[in-house]
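Heads up: the structure comes next, in structure tokens.
We did not get these values from a lab; they are worked out from the coordinates using the rules stated. Note that the structure is predicted; figures quoted are calculated from it, not measured. Glycine also receives a Cβ, built like all others from the backbone with ideal geometry; neighbour counts cover every protein chain displayed.
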Amino acid sequence: MEITPSGSASPMKSLLYWRKSMINGAKTVPVIVAMDGAGTFSMHDAAGVPVFSVPAPQAAVRFTSMGTMVVTANGRKYDILGVGASLSPSPSPWQLAEMAAGPDGRTDPTGLSRAGSAGAAMSGAGGLGAVAGAAGGAAMMFAYYQGLDAIKAWQEALPNAGAAVQKSSMTAGLYISLGVVAAVVIGLVVTLGLR
């Protein structure tokens, strides 16, 4: 765990997910998280309206072992994730265009491929049998790791812009994800063995 303030901003933006509710997955919504060259750290909703926009040194950010970026800006907390839930809405046309544009800074290269969310990959395969379940589990893991990489990029960039950052190794999510994949594989083996 480390808190590091410094002072040079590198422009970047990512398509991430704001978890507004711990219970209702439909309230885990896509957002654009960005930082410009002047060090303004912001998050925009589906319509492009800023949810927050502050100089990076005015933000406090804590990264959890599960890969959540908890931002405190203007006295309010925001849980930001790398992937959405199975009920998450799709990114808006504005968000898709914003991620495709990208000339004003480093754009998250996996943002658009994660747009369907890891949860959607798993739930979409649910009724198709064990093989589809294994494929859904693999797709979920792939999206999760891409999302985790996007969150880790912010963990490295924000201290350089002067934000107060509490870092994490983010390994708990890895172990849980490996457990989920192991359970899917075991289920596949058992299902195929019973036929």
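Computed from backbone phi with θ = phi - 60° and the Karplus coefficients 6.51, -1.76 and 1.60, the 3J(HN,Hα) list for the stretch 75-86 is x, 10, 9, 9, 8, 10, 10, x, 9, x, 9, 5 Hz; x is used for glycine and proline.
What lysines does residue 167 reach when the alpha-carbon gap must be under 21 Å and sequence neighbours fewer than 8 apart in one chain are set aside? The qualifying lysines are 13, 77, 152.
Site pair residue 189 and residue 96 shows an inter-label distance of 4.1 nm when each label is modelled 7 Å from Cα along Cα→Cβ.
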